[in-house]
Every structure is written in structure tokens, then in C-alpha cells.
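Below you'll find the structure I mean.
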Amino acid sequence: MSSTRRAVSLRIGTLVALAAVPVAVLAVFFVLPVTGMVQRGLFFGGSFDPSVVSRVVGRPEIQRALWFTLWTSGLGTVLSVALGLPAAFALHRLAFPLQRVIRAGLLVPFVLPTVVVGVAFRELIGEAGVLSGLGLDGTPTAIILGLVFFNASVVIRAVGAAWESLDPRPGEAAAALGASPVRVLLTITLPALRPAIVSAASVVFLFCATAFGIVLTLGGVRYNSIETEIYKLTFALFDLPGAAVLSVLQLLVVIGLLVVAGRLRTVPDPAQSRVVVRRRRVSLRDLPVLLSTSVLVLLVAGPLLALLLGSLRVRDRWSLGNYVALQTPGFDPPLPVPVTTALMTSLAVAVQASLVALALGLLVAFAVTRRSRTVAERRVRAVLDGLFMVPLGVSAVTLGLGLYLSLGSGPFDFRDEPWLVPLAQALVALPLVVRTLVPVLGSVDDRLRQAAAGLGAGPLRAVMTVDLPAIWKPLLASSGFAFAASLGEFGATSFLVREERPTLPVVILRLLSRPGSDNYGMALAAACVLAAATAVVMLLVERLRVPSIGAL
Amino acid sequence: MLSLREVSVAYDGKAAVEDVGLELADGEVLALLGPSGSGKSTLLRAVAGLEPATGEISWDGRSLRGVPTHKRGFALMFQDGQLFPHLSVANNVAYSMRLRRIPAADRAKKVADLLELVGLGGYQDRLPGTLSGGERQRVALARALAVEPRLLLLDEPLSALDAGLRERLAGDLRRILHEAGTTALMVTHDQEEAFAVADRIALLRDGRLVQEGTLREVWAHPTDAWAALFLGYARVLEGSAAYPILTAAGFDPADSVALRRSAFVADPAGPLTGTVISARATPEQHRLVVRLDDVGEVDAVADTAPAPGESVRLRVEPNRLAIPGSYARKSVE
């Protein structure tokens, strides 16, 4: 009896020990700043005034922003899924030349800095762009295209992974029962993929609704989402109560969405068979799928190509001048450091950030996936699992501003610490790491660990024998993701970065905000370098062929 | 009538099925028998239109080249049933009827009839997850029969079940197929399953057709030593070892002889003498391993158990041995 009790307390102890550090970090560097910021706004003048909330929500421009966020995000999600599904099929079930390159290429936007994307789209559809004749600049269409550009890759990742290992035999059985390919897709394949599609769509909606850089750079002054409205209220109007109310609103929506997504993600039949499927050569009947994939490739490649070509032009002539200028602090007024130095800073910060994210993510993943014996224990693990998803939905702007405001004084005066930027970036990247590792660790059969224990392996040894071989590849892949995400992180970094040590995205934005075609050219070149660095990391991740990153 | 001529399937340039020719008359059940990796499932999938094949696959003289799976009018049943997990038993069975827009009332009646036929009357509203393995296979069979297929393709239909159930279901399968008058092509690696369900057997090895014929023909005249062993003969003796046995059985001399476990029976008046190596009791008989002079070890059965080391006399049961390859040269028996 006492030995069972000891076993229980040991298990709970392990859970607490594993979760303690990540929870503490999340509490101090995420919950505290965000709540602090919210408090500042809601408790204006010392006490809570509900009329502030209703007044803020009642304002017409706020309601416009809410409605705009809702419909652009909805449409962006629908289009991302519509273009992502055929591409997921083509890239994960068919075999054709250049497939790997295309697959990696389509994943690049996901980790591309919003700044780069904004610049790239301007190059394509802006006043001087190739497609300026379409008049898309500053329209909702441009914003939605930007959202799809970013998020189709999420759908490809998530659904592709599920589709790749989906047992083809129920579909074959249906075909043999007389179902046409379309019928098989509608009645067998899509129902089987439903959890993956729903989960991808909810994450995409989340990303769309919190997209900051896209709306800011492509929406101009006319269109505002909740995110840009928060930004505008804070910096242009100094209306902190308004910004805080909107932040809380957004947070509530995000948490609600995460809960719904978690519910929908639970597969009705978890024993659904996962198999290795031989890829099929393309044939004529795949034409619609390939066409749709090509549209997506064009949508992704177009802005990037425009960006590349733009960076190679100096005063209407082909030149590498913009790239050469990256070694200098730039033109009037000069940057504090040369752009190449900023690149080195970015790389160093990204290494630190991904190490932190990896360490925290591993602890969380182990804590969440250990087998639960009681309902309460399982709840605790589920809540932990969800808790570390929240940074995904809280705008980086809120996080950055909150950190800036709350860490500047009191017991946590960390504002000038050099590790603050890597830590903030690690928090932004943490959900990616957790979502990559949890499904893998969760799928390791607990009986393997029991078998190892039965053969005399201690708990640590059992982990080394059973879990390590399963997760070393996903571990590498998730560090690649964290690295890429950190390279491009801009929202939070822009508040925390120290003047003399700017990161590359920050430098790009500074260059963009300065007048003169020289500065603009340098910004294009720097954006290309950043995109290339991210693309290289993604290609390396792609080579690892980790199937489960999609379980985001 | 299904006919295959010079059918080959290759994966990445490696042949999985090579030059197979077969004919299957209406109402017949043919078993494609072979060890794993012999290409039997690949051949089945080629017939279903799920694998690209070269050569000629035709139905009633009309080529099936370019006809997609769902227009072939064949039904396919997998080893593990592949029921659609999100549909109830009734909706699984009715799947093909929905496709053909059969009215709901007719559908319900047909479903009830088919479930009755496979012994699962009243299971309409169950979900596949709540069924046992045997029940799932029965539902899969009902679902396949609901198509009223010109040809039913069965891929190891019983292999996922445990031994007792497999035997029972094999008998049911044969009865159901014959009652429905269904033409069927069944893939299996289990010779007992093949003998229990099929009318004819085609033996495959390394993608090639080794032998084809009625149960009786195949069983009595295995084409070579490998085929004999795969079909369930216990031993194949070759050369001089075969000679004394053939003589004792009253057969003409041959290169080899395939022996079933019960080819020798302990009999004080038998013509052959040997030494008992081991004896083992089974519920029906005692099984012996006996060393025969000039022959070597053979299997035998006895009603009483002699001790190892004792001498024993054996007689030969001519209908329990076969001469591999004899069919091609001349019929014995």
C-alpha cells in the first residue's frame, strides 16, 4: 500500500520537477508581462471600470477592426486550406521531379519574417511593381493574398504529414465498391483527414487573426485588424486602456479557439492505421491537383522573385551594389552597425534562442506525455499542453510591449540584460518545439518503456533506450524551426533590442523607414539575405523528413 | 469470365509478377496460393485496377485496359476488412447501394438480407470499432457482396483471424460464395484456407505461375518438390530413397516421391521394416518418426505407441503419396 503511494508521489514529483522550470519561465517572462500590460490598461486610475470596456468595444473604428479581422481571417483560412490540400496531396502522395525543392520552398514562407514578406509583396504589387497594374496595393485582396502566402505552408505541413501515412486501403475498397475518385475523396479520405484539417485550419485562423506585419505593410492606413489597432492605439494615440481591452479580447478568442481545436483534434479512432505508402507517379488525372499546386508555387515564388530581382537593381541597372553596401552602416543617417554585423547578431541570438526553446520544449514535452494514472493528473498534463500553446496566439507586439513595460522596474529589472532578446524569441518559438515533440513522444508505446524497465533499465536508461532514438530527428527538426522562427522574429524583438546590437529584421525595418533609394535597395538585399538564411535552415530541416511536425 | 494473358507487374524495374496466364469461369472460386512475396497480392491488385500491369486482363473477352477500379464492377475485400470506421455496419454495407442511388427502403431490406446471409442479423447500427475480428470480416464480406460484383476479389480474407475462427469462417465463406453464385478470386498463403474455400488453385512462386488446376489435380500431382511441400506434404524423398517406397506402393519408378504424414501406417503385415526414432500422441493417433533401411527418416501413424528404438513394420497408403511432376509426364494413380 505504502509502496503504491510512494510510486504515485514519485510520479507526481517527476511531473512537478519536469514542469517547474518551464512554468516558472513562462510565468515571469510571459504571463507577468502580458497580465501587467492588461492591468495597466483595465485598471486605469486604480480601479476596474467596466464602462471602459463597453466604451472601447462600442467605438466604430474598433468594431470595424473586429469585423475586418474576422472576415479576412476567415477568407484567408478557407483559401489557405483550399490551396494547401491539393498541394499536400501532390507533395506527399505523388512522385515527380523537383518535389523536394518545391516542398522545402513552399515551407519557407512560414518562417519568413513578416517584414520580408511585406517588402516582397510591395515589390510585386506596389506602385513600382510588376503587377502594379492590377491595383492590388493597399486592398484587402493584397492582405488576404499575403495571409495565404504565409499559411498555406501550415496546411501543407499538417495535412501532408497525415496524408502521407494514411492507409490507402479503405479508399481502394471504396473504389472497388464502385466509388469514383471524387466520391472516395469526399466519403473516405476527407473524413479520415478531418482531425488534421481542422487542427491546421484552426491554427491558420489563429495566425491570420494575429498577423501583424502583413496587415501593417499591405493594409496601409485604410485597413486595420485587431493587431494593428492595438499597435496604433498604443503608439499613435497612447490609448493604453483601449489597447488593453483589445488585447484581452484577442487573448480570450485565442484561448477559446485552442480549446475548440483541442477538442476537434482528438481522433475518433486513435487506432487508425498508419502505414508507409508507396508514392504514385503523376498521371494525366492529377492535372487539377498539379495546376492548383502550381498556382500556390506562383503565389509563393512571385513575391520572392520580385524581391530578389529588386535587390539586384541599382538606379535601374543590374548591380550587386546593394549587397556590397551591406558591409557598411549604410547611408544618411548611418545605422549603428553594418548590416553584416546585424546578421551575425541575429545568428548568435537565434542559436541562443533555439537552445533555450529546445531545453524548455523538451521538459514540457516529457512532462506532458508521461502516462497519467488518474483523471486529475491527465487534466493537469492537458492544461500544461495547452498553456504552452498560448504564446502562439498572443501577439508578439503585446508580448514585447508587456516585457518592456513590466521588466523595466521592480524585482525584475532585466531590460538591459543581453539574454532578454533570446529568451523572448525562445518563448515565441516554444510552441513550435512543443508541438513537434509531443506527438512523437506521445506515440512511443509505453509498453516499450515497461519492457526496458523489465529488462533492468532504470528510468533514465529507459528514456535513453526508448525515447531518444524516437525523438532525435524531430529534436533536430524542431531546433531548425526554432532557429528559423527566431531569425525572423520582429514583433517582440523590436521592443527589447538594444540600440547598439540590432537584429537583421530590425535593421531592415529601419532601412525601410528611411528615405532614399539607396536605403531601400539595401533593405531589399538584407531581406534577401534573411530569406536565404531561413531557406537554408528549412532545407536542412526538410532533409530530416520528420513526419510529425504537422501536428501543430 | 476473367482471363489473364501474359500479365506482368514491375516495381521500379523489378518484376513482382511475370507472365501470368489464368482463366476463371463464372461462378468459380479460384485461390491464388503462394508464400509471402510471391506476387499474389500484387496480381490481385492488378486485376482490381490498383496496380499498372502489362499484358492482357479481360472480362468476357473485353479488355479492362484503361478501365478505372470503380468501373470494373469488381468488389475487393482486404485481410483486415477495411471497414469505414466512421460509418455504422448498415452504412458500410449500403455504401455501394448509395452510390447507385438505390431507394432507402430497398437498401434497408438488402442490408438486412446480406447481414442475415453472413450471420450478423440485427447488427445494423453497430460501429465497426465495437465488432470482433470475425464479425468485421463478415461485415466486409456483406459489403462486398452488396455490389453484386461480377467478380469478388478477396485478399487474405481470413488470415487476420485466430485458428478456430478461421476454420469456421472458411466453411461459411465457401457456403456464402456458392449460395450467392459469386465468381471469386482469393489470395492466400495458407493452403488449408485455399482448400477449404476454393474450387481451383493457382500456385505462385517468385511472381510466376507454378501450377494451376482443380483442388484434386493440384493435390494429387504437385508440379515439383517445392510445390508438394508448400501444399502440405510432409516430406519429399528423392533418388534411391524414393525407389523402395514406390515399389512397396506398387508404382512405377520415379525420381522423387512426396509423402503425407499418414503415408505410412504401422501394420504387422506391412512390407517395410524400420526403427522407431520418436513417438508422439495426438488426439486421434500416434505419430511416429521411423528410420527405414535404404530410405532414411519418414513419418508414420500408428494406433498404439511403440517405444523409441523398437522395430516396427509399415505398410504404404498409395493414395497418401504423390509423385511430383508426374502430371506433366503421365497420370499415375
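Read the figures in this text as sums done on the coordinates, not as results from a lab. None of these values were measured; they are calculated from a predicted model. Methodologically, a virtual Cβ is constructed for each residue, glycine included, from the backbone with ideal geometry; neighbour enumeration extends over all protein chains shown.
Is the shape of segment A:170-319 rounded, prolate or oblate, going by the alpha carbon gyration tensor and its root eigenvalues a ≥ b ≥ c, with a/c under 1.5 for rounded and a/b larger than b/c for prolate?
Values: a/c = 3.62, a/b = 1.39, b/c = 2.61.
Oblate, since a/c reaches 1.5 and b/c is not below a/b.
Next up: Once label points are set 7 Å from the Cα along Cα→Cβ at both A:LEU347 and A:ARG281, what is their separation, rounded to one decimal in nm?
Label at A:LEU347, label at A:ARG281, 4.4 nm between them.
Scan around B:ASP267 for amide H atoms under 5 Å from its own, H built in the peptide plane at 1.01 Å from N, and keep only partners 5 or more places away or cross-chain.
B:ARG313, B:LEU314, B:ARG315
When each pair of different Cα atoms in the protein assembly as shown is counted once in the 1/r mean, what is the Kirkwood radius in angstroms, to one decimal? Don't skip to the answer; put the middle values down first.
Working: mean 1/r = 0.0309 Å⁻¹.
When all Cα pairs of the protein assembly as shown are included, the Kirkwood radius is 32.4 Å.
Among A:LEU106, A:MET522, A:ALA477, flag the residue with its Cα farthest along the positive direction of the charge dipole of chain A, charges on Cβ as +1 for Lys/Arg and -1 for Asp/Glu.
The residue sitting farthest along the positive end of the dipole is A:ALA477.
Another question, if that's okay. Which value, in debye to the nearest 20, gives the size of the charge dipole of the protein assembly as shown about its Cα centre, when Lys and Arg are +1 and Asp and Glu are -1 at the Cβ?
Working: 84 positive and 72 negative charges, 396 e Å.
Charge dipole of the protein assembly as shown: 1900 debye, to the nearest 20.
Restricting to the protein assembly as shown, what percent of DSSP beta bridges are antiparallel, rounded to 5?
Numbers: 50 of 70 bridges.
Percentage antiparallel, nearest 5: 70.
Excluding B:ALA163 itself, what net charge comes from residues whose Cβ is under 14 Å from its Cβ, given Lys and Arg +1 and Asp and Glu -1? The partial results should precede the final answer.
Working: positive: B:ARG166, B:ARG168; negative: B:ASP162, B:GLU167, B:ASP190, B:GLU192, B:GLU193.
Summing Lys/Arg as +1 and Asp/Glu as -1 gives -3.
Taking the simple approach of a point 7 Å from Cα along Cα-to-Cβ for both B:ASP206 and A:ARG461, what is their distance in nm?
With each label point 7 Å from Cα toward Cβ, the separation is 4.7 nm.
What whole-number distance in Å separates the alpha-carbon centres of segment A:165-212 and segment A:352-371?
30
Using Cβ counts within 10 Å as a stand-in for footprinting exposure, how do B:ARG150, A:ARG449, A:ARG157 rank, fewest first? Each step should come with its number before you reach the end.
Details: B:ARG150 16, A:ARG449 19, A:ARG157 24.
Lowest count first: B:ARG150, A:ARG449, A:ARG157.
Using 7 Å Cα-to-Cβ label points, what is the A:VAL260/A:ARG64 separation (nm, one decimal)?
Each label point is offset 7 Å from its Cα along the Cβ direction, giving 2.6 nm.
Any chance you could check the Cα centroid distance between segment A:456-526 and segment A:89-157 for me, in angstrom?
One Cα centre to the other: 20 Å.
Given a Förster distance of 45 angstrom, what is the FRET efficiency for B:ASP303 paired with B:ASP162, based on the Cβ-Cβ distance and rounded to 0.05? All intermediate terms of the calculation are to be shown ahead of the outcome.
Working: r = 31 Å, r/R0 = 0.70.
Here the calculated transfer efficiency is 0.90.
Can you find, among A:LEU432, B:ALA242, B:LEU292, the residue farthest towards the positive end of the dipole of the protein assembly as shown? Put +1 on the C-beta of Lys and Arg, -1 on that of Asp and Glu.
A:LEU432
Which of rounded, prolate, oblate describes segment B:58-182, given a ≥ b ≥ c as roots of the alpha-carbon gyration tensor eigenvalues and a/c under 1.5 marking rounded, otherwise prolate only if a/b is larger than b/c?
Working: a/c = 1.67, a/b = 1.19, b/c = 1.40.
Verdict is oblate for segment B:58-182.
Would you mind working out the magnitude of the charge dipole of segment B:245-333 relative to its Cα centre, with +1 at each Lys and Arg C-beta and -1 at each Asp and Glu C-beta, to the nearest 20 Debye? Provide the component values of the computation, followed by the final result.
Working: 10 positive and 12 negative charges, 38 e Å.
With Lys and Arg at +1 and Asp and Glu at -1, about 180 debye.
If you take the square roots of the eigenvalues of the alpha-carbon gyration tensor of segment B:103-253 and sort them as a ≥ b ≥ c, do you get rounded (a/c under 1.5), prolate (a/b over b/c) or oblate?
Working: a/c = 3.22, a/b = 2.66, b/c = 1.21.
Prolate shape, in that a/c is at least 1.5 and a/b is the bigger ratio.
Here is a further query. I'd like the Karplus ³J(HN,Hα) series for segment A:68-75: coefficients 6.51, -1.76, 1.60, θ = phi - 60°, whole numbers in Hz, and an x wherever there's a Gly or Pro.
4, 4, 4, 6, 5, 5, x, 5
Could I ask something else about it? Please name whichever of B:PRO52, B:PHE230, B:SER88 sits farthest to the positive end of the charge dipole of chain B, dipole taken about the Cα centre and charges placed at Cβ: Lys and Arg +1, Asp and Glu -1.
B:SER88
Relative contact order of chain A, please, whole-number percent, based on alpha carbon pairs below 8 angstrom and at least 6 residues apart.
On the way: 775 pairs, mean separation 128.5, N = 552.
Once normalised by length, the contact order is 23 percent.
Run the reach check for B:LYS40 against lysines, Cα to Cα strictly under 26 Å, same-chain hits fewer than 8 apart removed. What comes back?
Here the lysines satisfying the reach criterion relative to B:LYS40 are B:LYS14, B:LYS71.
Identify the residues of segment B:175-196 with backbone N under 20 Å of a label point that sits 7 angstrom from the Cα of B:GLU217 along the Cα-to-Cβ direction, or state none.
It comes to B:183-188, B:191-192, B:194-196, nothing else.
Further question: Of all DSSP beta bridges in segment B:113-222, what percent run antiparallel (nearest 5)? The partial results should precede the final answer.
Details: 6 of 10 bridges.
Around 60 percent of the beta bridges assigned by DSSP in segment B:113-222 are antiparallel ones.
Let me have the relative contact order for segment B:154-262, percent, based on Cα pairs under 8 Å that are six or more residues apart.
Numbers: 119 pairs, mean separation 18.6, N = 109.
This gives 17 percent for segment B:154-262.
Let me ask something else. From the phi of every residue in segment A:192-205, what ³J(HN,Hα) in whole Hz does the Karplus formula 6.51 cos²θ - 1.76 cosθ + 1.60 yield, where θ is phi - 60° and glycine or proline is x?
5, 8, 3, x, 5, 5, 4, 5, 5, 5, 5, 5, 5, 4
What trypsin sites (Lys or Arg not before Pro) in segment B:45-141 are in a loop by DSSP, with at most 13 other Cβ atoms within 10 Å of the Cβ? Walk me through the numbers before you get to the answer.
Numbers: sites: B:ARG45, B:ARG62, B:ARG65, B:LYS71, B:ARG72, B:ARG98, B:ARG100, B:ARG101, B:ARG107, B:LYS109, B:LYS110, B:ARG126, B:ARG136, B:ARG138; in loops: B:ARG65, B:ARG72, B:ARG100, B:ARG101, B:ARG126.
Sites meeting the loop and neighbour criteria: B:ARG65, B:ARG100, B:ARG101.
So, one more: Looking at chain A, which longest stretch skips every one of the chymotrypsin sites (Phe, Trp or Tyr not before Pro) that is in a DSSP loop with at most 14 other Cβ atoms within 10 Å, leaving the sites themselves out? If you can, show how the numbers build up before the last one.
Values: sites that count: A:PHE43, A:PHE48, A:PHE238, A:TRP419.
After excluding every exposed loop site, the longest remaining stretch is A:49-237.
For segment A:454-506, which GluC sites (Glu not before Pro) are in a loop by DSSP, counting at most 16 other Cβ atoms within 10 Å? Show your work: numbers first, answer last.
Details: sites: A:GLU489, A:GLU499, A:GLU500; in loops: A:GLU489, A:GLU499, A:GLU500.
Filter output for segment A:454-506: A:GLU499, A:GLU500.
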